[in-house]
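Working notes, beginning with the structure itself.
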Amino acid sequence: KIIAVSKNTAIDIENFCEISQDKIEVIYESGGYFDTNISSGILKRYNIKSKEYFHCVGFFKDIKNPIRILEAFKRYKLNNKNSKVKLLLVGYIGGDRANEILNVANTIRDVIYLGRVSDEEVVELYKNSLGLIFPSLYEGFGIPILESQSLDCPVVTSNISAMPEIAGNGAIIVNPLSVNDIVKAYDVLENNDNSRLIELGRENIKKFSWEIASSKTLEILKSVGENK
């Protein structure tokens, strides 16, 4: 048996590895377990106000679509000169390409690089953000989507691979290849009442559980052992 973390990943395994779906079992992952009662002080350190920023996680890889995200933010700020919103970038800088992406980010007004952050800092970022910007080019699952929804943070994610499957109705879904789509998503996040979107996110995360995932995994391990 092969365990896939999403239906989309199961299809990819079948197509690229020529393995029958009969051998593949889909077991969804879940979000992170965070202590939400601790304040890290990260916003205070950077002099950033709650609900005046978007944020990205694991940003400095081409698969995360960083250049289009940055270009969209640049256009949005040019079109909305009175906007005080910032774009916070979370992620490790490793290698030449990551540094090239950072160099592009440094040319755009109100983009702030935070580097790696602790779990406590991640919680504070999610809870006070206008939205997670996650229009990735590929995700086998997309744990940040569920992390965001569990902390009442709106999500922008892609209409491809596993992301619509995991986000359900609790996200703004965009074409990740369209800078204009991402610009429109920024506008919705900053200028709309997104309480309904947050509510849909809360409902969506009820479908995912590490307890269920571990139980189903154990069942498969037992069945494979018995068949031997």
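Filter region 84-130 for residues that are surrounded by fewer than 19 Cβ atoms within 10 Å (Cβ to Cβ), of a type in the set (D, E, K, R) and part of a strand (DSSP E or B) and give the result. Answer for region 84-130, where residues must be surrounded by fewer than 19 Cβ atoms within 10 Å (Cβ to Cβ), of a type in the set (D, E, K, R) and part of a strand (DSSP E or B): there is none.
Report yes if Gly31 is farther than 23 Å from Asn194 by Cβ, part of a loop (DSSP other than H, G, I, E, B) and not hydroxyl-bearing (Ser, Thr, Tyr), otherwise no.
Working: farther than 23 Å from Asn194 by Cβ: no; part of a loop (DSSP other than H, G, I, E, B): yes; not hydroxyl-bearing (Ser, Thr, Tyr): yes.
When the stated conditions are applied, Gly31 does not pass them.
The residue that is nearest to Ile166 (Cα to Cα), counting only those in region 5-28 that are in contact (Cβ under 8 Å) with a residue 60 or more places away in the chain and hydrophobic (A, V, I, L, M, F, W, C), is Val5.
Annotation: of all residues in region 156-172 being assigned to a loop (DSSP other than H, G, I, E, B) and free of Cβ contacts under 8 Å to residues at least 40 places away in the same chain, the one that is surrounded by the fewest Cβ atoms within 10 Å (Cβ to Cβ) is Asn169.
Would you say Thr107 is among the β-branched types (Val, Ile, Thr), within 26 Å of Ser129 (Cα to Cα) and without any contact (Cβ under 8 Å) to a residue 12 or more places away in the chain?
Judged against the criteria, Thr107 is a match.
For region 137-152, which residues satisfy the criterion of being crowded, with 24+ Cβ neighbours inside 10 Å and either polar (S, T, N, Q) or assigned to a strand (DSSP E or B) (or both)? Ser148, Gln149 - these are the residues of region 137-152 that are crowded, with 24+ Cβ neighbours inside 10 Å and either polar (S, T, N, Q) or assigned to a strand (DSSP E or B) (or both).
Of the residues contained in region 65-74, none is found to be open to solvent by less than 30 Å² (accessible area, probe 1.4 Å), in a loop (DSSP other than H, G, I, E, B) and either modelled with pLDDT under 95 or out of contact with any strand residue (DSSP E or B) (no Cβ under 9 Å at 6 or more places or on another chain) (or both). Under the condition of being assigned to a helix (DSSP H, G or I) and open to solvent by 50 Å² or more (accessible area, probe 1.4 Å), the residues counted in region 34-45 number 2. Take the residues in region 29-55 that are of a type in the set (Gly, Ala, Ser) and within 20 Å of Ile166 (Cβ to Cβ), then tell me which one is modelled with the lowest pLDDT. Once the filter is applied, the top-ranked residue is Gly32.
Screening region 12-25 for residues that are crowded, with 16+ Cβ neighbours inside 10 Å and of a type in the set (A, V, I, L, M) and picking the one that is farthest from Ser223 (Cα to Cα) gives Ile13.
For the residues Asn180, Asn175, Asn194, the requirement of being polar (S, T, N, Q) and surrounded by 15 or more Cβ atoms within 10 Å (Cβ to Cβ) singles out Asn194.
For region 153-171, residues that are in contact with a Ser or Thr (Cβ under 6 Å, 6 or more places away or on another chain) and not small (Gly, Ala, Ser) total 4. Checked against (1) in contact with an Asp or Glu (Cβ under 8 Å, 6 or more places away or on another chain); (2) within 20 Å of Glu52 (Cβ to Cβ), Asp110 meets all criteria but (1).
The values are calculated or read from the model by the stated rules, or taken from the named source; none is laboratory data. Since the structure is predicted, the reported quantities are computational estimates derived from the model, not experimental observations. With ideal geometry, Cβ positions are generated from the backbone for all residues, glycine too; neighbour counts draw on all protein chains shown. Note: accessible area is taken over every heavy atom of the protein model, side chains too, but ligands, DNA and RNA are not part of it. Shrake-Rupley method; radii C 1.70, N 1.55, O 1.52, S 1.80 Å.
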